[in-house]
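Following: one structure in structure tokens, then a few remarks.
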Amino acid sequence: MAHIEDILVPDIGGADDVEVIEILVKPGDQLQEEDSIITLEGDKATMEVPTNVGGIVKEIKVKLGDLISEGTVILTLEVEGEAQAPKKEVSTETVAGAATPKAAAPKERKAADSKHEGVAPSGDVYASPGVRRLAHELGVDLRNVGGTGPKNRIIKQDVFAYVKKRLSGGGDGLQVAPARKVDFAKFGEIETIPLSKINKATAVNLHRSWVTIPHVTQFEDADITEMEAFRQENKKVAADKGYKLTPLVFIMKAVVGALKEVPKFNASLDATGDNLIMKKYFHLGIAVDTPNGLVVPVVKDVDKKDIYELAKELGEISEKARDNKLTPVDMAGSCFTISSLGGIGGTAFTPIVNGPDVGILGVSRSKLTPTYVGDEIVPRLILPLSLSYDHRVIDGAAAARFIVDLSARLADVTGLTH
Ligand code: CAO
């Protein structure tokens, strides 16, 4: 014969007015002893309150946001058998927060004895036992699921959405958990600025390259003292025609020489990953900083142009980029990319390969440096170079050969002026 029992908030260490942040059951649910029924949030931790007896939920007596204390009736339960003397009290279980409330001696769930295997035993996943059970049944690792419930808790819909996305081939296959929602305004004044289309497209491309290309960056210095002397002597020629002769055009010429020397840098993996496409043309992507974000227009046939033609074209594409007038054709077909931060500063950086290119050269600011020439220390203008490459295609020895060759070409301006 069944009877009705009140299920009360157990001893939660004397904490009063603890908020109900989740109700995990509904009338009609069949509960087993120790099934969690609500989640409470105290000052320092979140706790799940289990029932101390099994039965059918008749009526829920609390609602979300209620502040409750020890002894508050949470729900009534239809329990099989005669009414008994009160049973042992079941303690709450801390599921989140490193510090436990001083009262509720929390029951740390160990992976081995947990009935919800396959999830973190405590701490880093915010989900009710029901959701954990569901995740376990579906083989979902909850650490990969973003929570959209109160306080970013993972709810059943999040688990289903995750499974749906995985089945439809979505996701990057890296099992990376989505970013958590953070209310930054809680910590101070903020301003929200929507990203430009360019920002978003760049983010997608950079992220794809970053996660799919195994990167290595090789550093080297180039002595550009002679090159700079030549540039100073000739920059008026360019200025008279309305454009600027900067170190970049010499670097572009030197890169073409190094691409010819180490042709694997002038290649791309095809989409299957089974073939390497070797290119017989020399088109260079040039990273350009614009008020709307980073764009990479492509200068075509660099091998067929001299430094003045390149300076003119560089001026034109930089202007087009900054005026937001580049077309997809202007940005297609690069073989290798140069990212020059030399006009700004910095000593070295690790650029991200602009896939499907397999290499990118980062150029930092040149600096007059005391340098040994024979037995003498003399001031030389030294240019720092950072070469990132796709290690699936390029091995370290080829990369070192490329950058050493590049450095030698930059040191000898006579090979760069035509
Ligand atoms: N060392 C020292 N000085 C350098 C230099 C270097 N490596 N590179 C350029 N300079 C000098 C130039 O000579 C010029 O000075 P002068 O007018 O006295 O000759 C000055 O710095 C400014 O050059 P610039 O930046 O206008 O021209 P550039 O040809 O070097 O570069 C461009 C053109 C479009 C690449 C550049 O303007 C730009 O946008 N750079 C940023 C690229 C970027 O954001 N990359 C990051 C990608 S990853 O996030």
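The values are calculated or read from the model by the stated rules, or taken from the named source; none is laboratory data. If you're wondering where the values come from, they're calculated on a predicted model, not measured in any experiment. As a convention, Cβ positions derive from the backbone with ideal geometry for all residues, glycine included, and neighbour counts pool all protein chains shown. In case anyone asks, the SASA skips ligands and DNA or RNA and just uses the protein heavy atoms, side chains included. Shrake-Rupley method; radii C 1.70, N 1.55, O 1.52, S 1.80 Å.
May I ask you to derive the relative contact order of the chain, considering only C-alpha pairs under 8 Å and at least 6 residues apart, and to give it as an integer percent?
Relative contact order comes out at 13 percent.
Run through segment 193-251 and list the trypsin sites (Lys or Arg not before Pro) located in a DSSP loop whose Cβ has at most 13 other Cβ atoms within 10 Å.
Of the trypsin sites (Lys or Arg not before Pro), the ones in loops of segment 193-251 whose Cβ has at most 13 other Cβ atoms within 10 Å are 241.
List every residue whose amide H lies under 5 Å from the amide H of residue 74, counting only residues 5 or more places away in sequence or on a different chain, with H placed 1.01 Å from N in the peptide plane.
Amide H neighbours of residue 74: 7, 8, 9.
Once amide H atoms are built 1.01 Å from N in the peptide plane, which residues 5 or more positions from residue 369, or in another chain, come under 5 Å H to H?
Residues meeting the criterion, in which the H sits 1.01 Å from N, are 380, 381, 382.
Pop out the carbon and sulfur fraction of the accessible area of the chain as a percent, whole number, probe 1.4 Å.
Result for the chain: 54 percent of the exposed heavy-atom area is carbon or sulfur.
Under a plain spin-label model, where a point goes 7 Å from the Cα along Cα-to-Cβ, how far apart in nm are residue 235 and residue 292?
3.0 nm
How much mean residue ellipticity at 222 nm does the chain get from its helices, if each DSSP H run of length 4 or more adds -39500 (n - 2.57) and you divide by all residues, to the nearest 500 deg cm²/dmol?
Taken over the chain, the calculation gives -8000 deg cm²/dmol.
So for each of 211-222, 321-332, 29-40 I average, over its residues, the number of other beta carbons within 10 Å; can you give me the resulting order with the highest mean first?
The most tightly packed comes first, giving 29-40, 211-222, 321-332.
How much length is gained on full extension from residue 418 to residue 365, taking 0.36 nm per residue of separation minus their Cα-Cα distance?
In short, 16.7 nm is gained.
Hey, quick one: spin label on residue 319, modelled 7 Å out along Cα-Cβ, who in segment 269-312 has an amide N within reach, i.e. under 16 Å?
Under 16 Å, as judged by backbone N against the label point of residue 319, lie 309-312 of segment 269-312.
Mind telling me which of 302, 20, 358 comes out most flexible in a GNM of the chain, alpha-carbon contacts under 10 Å?
20
Mind checking which of 78, 41, 376 has the largest fluctuation in a GNM of the chain, springs on alpha carbons under 10 Å?
Of 78, 41, 376, the most mobile in the Gaussian network model is 376.
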